Amino acid sequence: MPGGPVNLDDWDDERLIAGVAGARTDALAALYDHYGRLIFSVALRVLNDESLAEEVTQDVFIQVWKKVSLYHPDQGRLVTWLASLSRNRSIDLLRRRSIRPEGHQMSWADGSSPDLEDPAAVEPEVELRLERQRLIRAIDALPAEQQAVLSLAYFQGMSHQQIAGALGEPLGTVKTRLRLAMQKLRQALERDSVSHP
Amino acid sequence: MIGERHVLEMLPAYALGSLDAEEKSGVEEHLGECPACQRELEAYQAVAAQLPLAVPLQTPPPRLRQAILDRAGQVSPASRRSGARAGPRPALLQRLGRSLRAPAPAWALVGVALLAVVLLGFNLVLLRQVASPPASAFRVIQLAGTDSAPQASAWMVVSADGRSGTLIAQGLPALPPGQQYQLWLNRNGQRASGGVFSVDAAGYASEWVYTPVPLADFKQFGVTVEPQGGSPAPTGARVLAGGG
């Protein structure tokens, strides 16, 4: 390329996706630099196995490389789409291989996570880092038992019934906790979006 | 007004995929006819979509980046734009090209037009913008998502001789076991089934459509949710509609 390699660090999602669509491996590399850590972390959270999490992360980026046309900005932001690909593929893997992760991790990132303050953290965009902070604080404010059922539902893909079995809690209690957790998060995030439009 | 018929209390769990099959089916039945609950669901889906951002961040091994780039390098440019690619699911335009197996020479024009789209790396959305395809080659009809599936969209590509075509749909919700989508064709008030289909995890489907009478005669197209195998007439929520 005339003038040497182009620095893609500042490319926004739209340009990165266009670059990937145009078969530019440097755009794929930049996409990985932006979101690879998050994609890997989501997979690791579900699978609790670094080797499998690497496999899923590879699959997610290769899927994007092959079929970037599946992404539509009107259906959500790139980061949440990529993260959901990682989550869904990881849960598929859990089910397909009948993998039972060692124990059930039920913790979320907490408000004191060092990565929130790390300027070299996964999100190059300040806005996304702030959003992540608000989300983590909202989850942090939930009672521990609501955080736990939310985690099992989202990261393990468990049904109410499965969560009740895993925790040894009555089904009705699990349903209530999950509903309250989502309602409170919704309220907190909508409140934040008003105060941080 | 939100009344007790609504399924509001189940929507948070529905957005997380935590309902059992029976509950899920009941919620979906209600969602098909209740815009208020659909709006509520969208709010919870927005929350669910953000949840992975709250995962504790871990650092992947440095080798992972290069491994991904190496694998990407093995996906040759040719296989990204034609049918040679190995992978679990062929891409949209591959499937389209494979589906449009009409012998007529006019299909060469279709192939050229589609290949041009792929070469340019355009988004699926641009399929509808293929610049002035020869009128004799094919007809593209866009279907829009209804209130039951506002994220959905589809294209019906009808062959030059009007006898066959392909439906390409995206953004459709995955259905529970025992249900499928069914395509309906309408001409002069007469309705015919265009076949049943399911979507993959990404909400995508492409289906070969063939009818005894010329497909080109049908002006209106719709897709509804039906029991597995389809119904003699539409019974479930309409998720896509278009034509003209």
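The values are calculated or read from the model by the stated rules, or taken from the named source; none is laboratory data. Treat the numbers as computed from the prediction; the structure is a model and nothing was measured. Neighbour counts are summed over all protein chains in view; Cβ atoms, including those assigned to glycine, are modelled from backbone coordinates with ideal geometry. Surface accessibility is based on the protein's heavy atoms, side chains included, excluding ligands, DNA and RNA. Shrake-Rupley method; radii C 1.70, N 1.55, O 1.52, S 1.80 Å.
May I ask you to say which residue of B:58, B:38, B:66 is crowded, with 16+ Cβ neighbours inside 10 Å and farther than 30 Å from residue B:235 by Cβ?
On the way: B:38 fails: farther than 30 Å from residue B:235 by Cβ; B:66 fails: crowded, with 16+ Cβ neighbours inside 10 Å.
Every option except B:58 fails the conditions.
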>> Take the residues in the range A:42-67 that are farther than 14 Å from residue A:89 by Cβ and in contact (Cβ under 8 Å) with a residue 40 or more places away in the chain; name whichever of them is least open to solvent (accessible area, probe 1.4 Å).
In response: A:65
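Mind checking which residues of the range A:150-174 are open to solvent by 50 Å² or more (accessible area, probe 1.4 Å) and more than 7 Å from chain B (Cβ to nearest Cβ)?
Initial filter on the range A:150-174 (open to solvent by 50 Å² or more (accessible area, probe 1.4 Å)): A:161-162, A:165, A:167-171.
Residues satisfying the conditions are A:162, A:165, A:167, A:168, A:169, A:170, A:171.
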> So which of B:209, B:199, B:213 ends up being of a type in the set (Val, Ile, Thr), modelled with pLDDT under 80 and part of a loop (DSSP other than H, G, I, E, B)?
Replying inline: B:213
> Just wondering, is there one or more residues in the range A:178-189 that are within 9 Å of another protein chain (Cβ to nearest Cβ) and over 23 Å from the mean Cα position of the chain (by Cα)?
Replying inline: no
> Picking from A:74, A:59, which residue would you name as being over 17 Å from residue A:14 (Cβ atoms) and in a helix (DSSP H, G or I)?
Replying inline: A:59
> Within the range A:81-132, how many residues are at the interface with chain B (Cβ under 8 Å from one of its Cβ atoms), at pLDDT 80 or above and open to solvent by 20 Å² or more (accessible area, probe 1.4 Å)?
Replying inline: 5
> Of all residues in the range B:216-237, which are in a strand (DSSP E or B) and either over 30 Å from residue A:91 (Cβ atoms) or of a type outside the set (D, E, K, R) (or both)?
Replying inline: B:220, B:221, B:222, B:223, B:224, B:225, B:227
>> Can you find, within the range A:62-78, the residue that is farthest from the chain's Cα centre (by Cα) among those that are more than 7 Å from every other protein chain (Cβ to nearest Cβ) and hydrophobic (A, V, I, L, M, F, W, C)?
In response: A:68
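Is it true that some residue in the range B:164-176 is over 30 Å from residue A:89 (Cα atoms) and not assigned by TED's automatic domain parsing to the domain that holds residue B:39?
Restricting attention to the range B:164-176, the residues satisfying the condition of being over 30 Å from residue A:89 (Cα atoms) are B:164-165.
Within this subset, residues satisfying the condition of being not assigned by TED's automatic domain parsing to the domain that holds residue B:39 are B:164-165.
Within the range B:164-176, one or more residues are over 30 Å from residue A:89 (Cα atoms) and not assigned by TED's automatic domain parsing to the domain that holds residue B:39.
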> Are any residues in the range B:42-63 farther than 22 Å from residue A:163 by Cα and either more than 9 Å from chain A (Cβ to nearest Cβ) or touching a Phe, Trp or Tyr at 6+ places or on another chain (Cβ under 7 Å) (or both), and if so, which ones?
Replying inline: B:42, B:58, B:60, B:62
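Here is a yes/no grid of residues against (1) modelled with pLDDT under 80; (2) surrounded by 17 or more Cβ atoms within 10 Å (Cβ to Cβ); (3) part of a loop (DSSP other than H, G, I, E, B); (4) in contact with a Pro (Cβ under 7 Å, 6 or more places away or on another chain):
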{"site": "B:44", "(1), (2), (3), (4)": "no, yes, no, yes"}
{"site": "B:47", "(1), (2), (3), (4)": "no, yes, no, no"}
{"site": "B:51", "(1), (2), (3), (4)": "no, yes, no, no"}
{"site": "B:71", "(1), (2), (3), (4)": "no, no, no, no"}
{"site": "B:87", "(1), (2), (3), (4)": "yes, no, yes, no"}
